[in-house]
Amino acid sequence: MAVNESSDLFISKLTVETWSRQFDVWSRVCEVIRREQTVASDTLLIQIANVPVVRSRSTTTLGCYVSRNDTPCCIRLQFDQEPELLVHTFLHEVAHLIDHLVSFSGRPYRGAHRSGWTFWAIALGISPCRTVKSEYLAQQHQQRKKLVAVCSGCGESFYRIRRLNRNRTYLHKQCGSPLKPV
Ligand SMILES: [Zn+2]
Ligand SMILES: [Zn+2]
């Protein structure tokens with residue numbers, strides 16, 4: 001995933017380099033950059049190394065590369081996923097970061113999952129699929145749901161992560177009766 005963000009500023013000591021070392025893939029990142037980017041590869045590596053990695057609480061998105069205008073902002077990572085998946089997600093976002101710095105230098109990132117990203121994903125040794133599912137995270141998502149409404153007609157219960165907007169009237173599709181918020 002990739003989003004452009006206009007306002008947030010992230011301050012964090014945890015960076016792409018610290019997490020790459022943690023996941024034991026920093027030498028792989030260096031090797032790939034030096035092999036594929038013969039001009040100014042060290043400058044590029046320093047840029048990549050210093051991008052912050054911040055913890056995400058999302059139960060629907062495993063990771064996200066965030067940029068502001070022409071500048072990388074951070075990588076958001078949901079750490080509650082299977083270990084092998086976590087490394088894969090991390091490298092998926094690093095591929096977005098490299099794609100931005102190399103193919104969209106000085107410009108906003110519009111690359112999402114096109115050929116540039118695919119190239120770096122393969123070079124980093126991951127399968128270039130857009131999305132990966134975490135069973136564990138899906139379970140967490142399910143557990144966060146709570147009872148939000150009961151149908152006033154047939155009594156069916158409705159579970160959601162977020163409460164319903166109390167200023168609106170919701171109708172039960174199946175029986176047409178209004179829902180009673182809980
Ligand atoms: Zn992506
Ligand atoms: Zn009903």
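The values are calculated or read from the model by the stated rules, or taken from the named source; none is laboratory data. Nothing here was measured: the structure is a model prediction, and the numbers come from that model. Cβ coordinates were reconstructed from backbone atoms using ideal geometry, including for glycine residues, and neighbour counts include every protein chain displayed. Surface accessibility is based on the protein's heavy atoms, side chains included, excluding ligands, DNA and RNA. Shrake-Rupley method; radii C 1.70, N 1.55, O 1.52, S 1.80 Å.
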Quiz item: Using only helices, what value at 222 nm comes out for the chain when you add -39,500 (n - 2.57) per DSSP H run of length 4 or more and divide by the total residues, to the nearest 500 deg cm²/dmol?
Solution: -11000 deg cm²/dmol
Exercise. Rounded to whole Hz and in sequence order, give me ³J(HN,Hα) for the range 162-173 from the Karplus expression 6.51 cos²θ - 1.76 cosθ + 1.60, θ = phi - 60°, writing x for Gly and Pro.
Key: 9, 5, 7, 5, 6, 7, 10, 9, 10, 10, 6, 3
Quiz prompt | √(5λ) per eigenvalue of the Cα gyration tensor, the range 99-182, largest first, Å | solution = 44, 17, 11
Exercise. Please give the residues of the range 84-108, grouped as numeric ranges, whose backbone N is less than 17 Å from a label point set 7 Å along the Cα-to-Cβ vector of residue 127.
Key: 84-93
Quiz item: Starting at 0 and stepping by 10 Å, how many percent of the alpha carbon pairs of the range 30-108 end up in each bin?
Solution: 18, 48, 29, 6
Quiz item: Hey, with R₀ at 35 Å, roughly what FRET efficiency would residue 43 and residue 136 work out to, going by the Cβ-Cβ distance, to 0.05?
Solution: 0.40
Quiz item: One-quarter of the Cα convex hull surface for the range 2-133, in nm²?
Solution: 7.3 nm²
Quiz item: Between the range 119-182 and the range 58-114, how many Å separate their Cα centres?
Solution: 25 Å
Self-check item: Of all accessible heavy-atom area on the chain, the percent that carbon and sulfur account for (1.4 Å)
Solution: 49 percent
Exercise. Enter the accessible area per residue of the chain (Å², integer; probe 1.4 Å; all protein chains in place).
Key: 59 Å²
